[in-house]
Each structure stands twice: as C-alpha cells, then as structure tokens.
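Trainee: I have a structure here, written as structure tokens, and I will follow up with some questions on it.
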Amino acid sequence: MKKVLLMIHRLLQGGGTETHVRLLASRLVRAGWEVGLFTAGGPWAPSLRAKGVHVYIDDRTDGERLASLKRLLAREEYQVVHAHDGNSCRLAAQLPRNRVKVVMTIHGDYMFDGAVKEAARRADAVLVVSPELAQMARKARIAPGKIKEVANGISTHVFYPGRVSRLRSPRGIEPDAFVIGYAGRFTYAKAALGTRVIDALVPYLAAHKNVRLLVAGRESLDVVTVRHRRVRILGHVDDMASFYRACDVVVGTGRVALESAACGIPTIAVGEVRLIGRLLPKTLDQAAMSNFGDHGARAIPWRTAELLAAVDHVRRERSVALRDARQLCTRVRQKFSANQMIREIQQVYHKLA
C-alpha cells in the first residue's frame, strides 16, 4: 500500500496553501494512496475525513506535537511525509533520516526563513510552485538536485466556463451591471494588497455608475473598512466558481488568477511583487513565472492608473476581452490541471519511497 502523510499547521478555509493540500489529499486517495493528514485542526478537516483521508489533529506545543508525530509514524508506517508550511517543515526536519522520506513544498517567498532553509537540508525533495521560487531556492543554497518545480493545479471539473452564477441577484446586482471581482486572503501581509486594490477601485465605481465590486476572501469582512452602496464584501466564499462567474472581470493573483481564467473570465493578475495586467494566451507562461505576480525576490512598484487602465479596457472592449479569455481558458485548463500536478507529485513520491 502506498502511504503518505501530509502536514499543514492549520487547515483553514480560503487560503491557497490550504486549498492545495485539500485538493492534493483528495486526489491522492482517488489515485489509490492511503493518505494521512497531521494538523492542529481547521474547518476543512471533517470534509477530508469524509473523502477517506485519515486526519490526525494535535494542537499542542511543537515539542509535544513532534513526539506525537514520531509515534504516529512508528505505528502507521507512512513512507513519505510531505510538509506544506513553515511549522510543519520545522517538525518534519527533526524526523530520523532512516525512518521516513521527507518532502516539503515552498508555496511562497514568506517561507524562506532560517528555520525553513535548515529544514530543506533535511528534506529529500523540495517542491516549488513557480520558477521564481525555484530561483530563490537555489539562491538560498538548497541543493539543486532536490528542487523540483510543480505548478499549482486546479480542479477543471469545478472551474470551467459556461454556467450562470446565482450570486448577483440575491445581492441586489442588476443583470446589466459591470461587475469587478477581487478575491484574496485578508490575513497577514496579504491584507495590504487587498486593501490597496479595493481602495484603487472604489473611485472607479464613482466615475462609472453601472460598475459594481464584489470582494471575497477570508477575514475580508473584518479587514475591509470600505462602505459603499455598490461594494459587496462577501467574506469567505465556499463556491468560488460561482463567484468568478458572477464577475465580468476578476482581479487576483496565484490560485485566484488560475481559477478565474479556467472559468473563462477576463482576469487581471496583481500580487505582492508586481502587476502583471490582463492575462492573455501569449503572456500566460511569463505570468506563471511569478505565480501571477505573487512571487519574486524583487518587488516592482505599480501605479493605480495601470490597474484601472486594465479594468477599463475590459469594460470598454468586452467582446475582445471575452475572446481572449476563451482562448486563455483552454491553455490554462491544459497546463494547470490538478491531474498534471498529481502525476508530478506522485513521481516524486515513487522515486523516494
């Protein structure tokens, strides 16, 4: 039996890393793996149990959790441990080399602290989700032979074009309104980006009476202070595909940009590192280098006028934007499907086990 233990400190809703782990766990079960998840808890734990994942919850101190983890591995004989955040990487780094193979995934540049770099020395494989992170990993002196790029994958049976969203009408949004969507986490450093984007878009609403703004993301209800009659703050949204389909253009980065593009929605990528602008078939590969503006060793400042120009182009040239979005959708669904991601990760596991 193929056995892998995934690790993430908290399995919260609405985060890119958490979504990645949830998708990975469920797809590995479908591929015939026995999958465990070691975590301090979170609202997604019950749904993973229902999909056949063995969820082990331990929310004690790191020392106590390490002892618990070692007992679990001795009892269940998992072949591979796969860590997905800083806390989990630090725990996995303390596991005996002769007992289990350790894989860690670097999901963002925020993980490049001293402890995680030390954990990478223990790891048998280090996965990175973008070329920019691969370059940063090499600069951090992680052994090149350990580093493997595995792009984020999305569920193409969930994110696809064509279905009409039911989000507009209950929120008083007229059928002929032009809806801008922004989605992202409003936690830690991510909140600053979301706040800046929303502050930039509100004056655009005032200048264009038929424009509405939908905002989705964990803790957005607590963090976003804008109160405007044409702005709807939704908080965490479970059905993100419906959110994207309610929009005429989506602004976001990372997984949001991928999911929106897979739904055939015109998408503008802007992240903590740079503004990519409107995603096009010819710029997809370049945009993916930085995970759609989210990764990179050097931030490139962007101006509000650049973001608004991209939004305005979609509003004024909707037929052109939709044509480009349809072409982009096909490429995204081919290049970033969860099936491809799972195949590549399984290859890493098989090589180590």
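Rule-based calculations on the coordinates, nothing more; no lab input. Here the structure is a predicted model, which is why all the values come from computation and not from measurement. Here Cβ is always computed from backbone atoms with ideal geometry, including for glycine, and neighbour counts include all displayed protein chains.
Trainee: For the chain, take the convex hull of the Cα atoms, compute a quarter of its surface area, and give me that in nm², please.
Mentor: Over every viewing direction, the Cα hull of the chain projects on average to 17.1 nm².
Trainee: Which whole DSSP H helices in the chain pass both tests: a Cα extent of 15 Å or more along the axis and a mean Kyte-Doolittle value no lower than 0.0? Can you show the working numbers first?
Mentor: On the way: long enough: 16-30 (21 Å, -0.08); 62-76 (20 Å, -0.69); 190-207 (27 Å, 0.97); 304-316 (18 Å, 0.12); 318-335 (25 Å, -0.91); 338-352 (21 Å, -0.65).
Those that clear 15 Å and a mean of 0.0 are 190-207, 304-316.
Trainee: Report ³J(HN,Hα) in whole Hz for each residue of region 208-216, in order, from the Karplus equation J = 6.51 cos²θ - 1.76 cosθ + 1.60 where θ = phi - 60°; Gly and Pro get x.
Mentor: 9, 5, 8, 9, 10, 10, 10, 10, 10
Trainee: Right, next: At most 16 other Cβ atoms within 10 Å and a DSSP loop assignment: could you name the trypsin sites (Lys or Arg not before Pro) in region 31-110 that fit?
Mentor: LYS51, ARG60, ARG97, ARG99
Trainee: Note down the relative contact order for region 169-335 as a percent, whole number, built from C-alpha pairs under 8 angstrom at least six residues apart.
Mentor: Relative CO of region 169-335 lands at 20 percent.
Trainee: For an R0 of 56 angstrom, estimate the FRET efficiency from the Cβ-Cβ distance between LYS2 and ALA207 and round to the nearest 0.05.
Mentor: FRET efficiency, LYS2 to ALA207: 0.50.
Trainee: Separation of region 311-353 and region 209-235 by C-alpha centroid, Å?
Mentor: Result: 27 Å between the Cα centres.
Trainee: Just from its helices, what would the mean residue ellipticity at 222 nm be for the chain, if runs of 4 or more DSSP H residues each count -39500 (n - 2.57) and the sum is divided by every residue, rounded to the nearest 500 deg cm²/dmol?
Mentor: -13000 deg cm²/dmol
Trainee: By what distance, in whole Å, do the Cα atoms of region 97-164 stretch along each of the three principal axes, largest value first?
Mentor: 50, 29, 20
Trainee: Would you work out which of GLN340, ALA140, GLY217 lies farthest towards the positive end of the dipole of the chain, given +1 charges on the beta-carbon of Lys and Arg and -1 on that of Asp and Glu, about the Cα centre?
Mentor: GLN340
Trainee: Relative contact order for the chain: what is it in percent, counting Cα pairs under 8 Å that are at least 6 residues apart? All intermediate terms of the calculation are to be shown ahead of the outcome.
Mentor: Details: 659 pairs, mean separation 53.3, N = 353.
In percent, rounded to a whole number, it is 15.
Trainee: Which order do LYS146, LYS139 fall in if you start with the one that has the fewest other Cβ atoms within 10 Å?
Mentor: With the sparsest Cβ surroundings first, the list reads LYS139, LYS146.
Trainee: Another question about this same structure. Loop-only check: which trypsin sites (Lys or Arg not before Pro) in region 172-250 are DSSP coil with at most 11 other Cβ within 10 angstrom?
Mentor: Values: sites: ARG185, LYS190, ARG196, LYS209, ARG212, ARG218, ARG227, ARG229, ARG230, ARG232, ARG245; in loops: ARG185, LYS209, ARG218, ARG227, ARG229, ARG230.
Loop-located and lightly packed - LYS209, ARG227, ARG229.
Trainee: Sum up the lysine pairs in the chain that clear both bars: alpha-carbon distance under 12 Å and a spacing of 8 or more or different chains.
Mentor: Number of lysine pairs found: 4.
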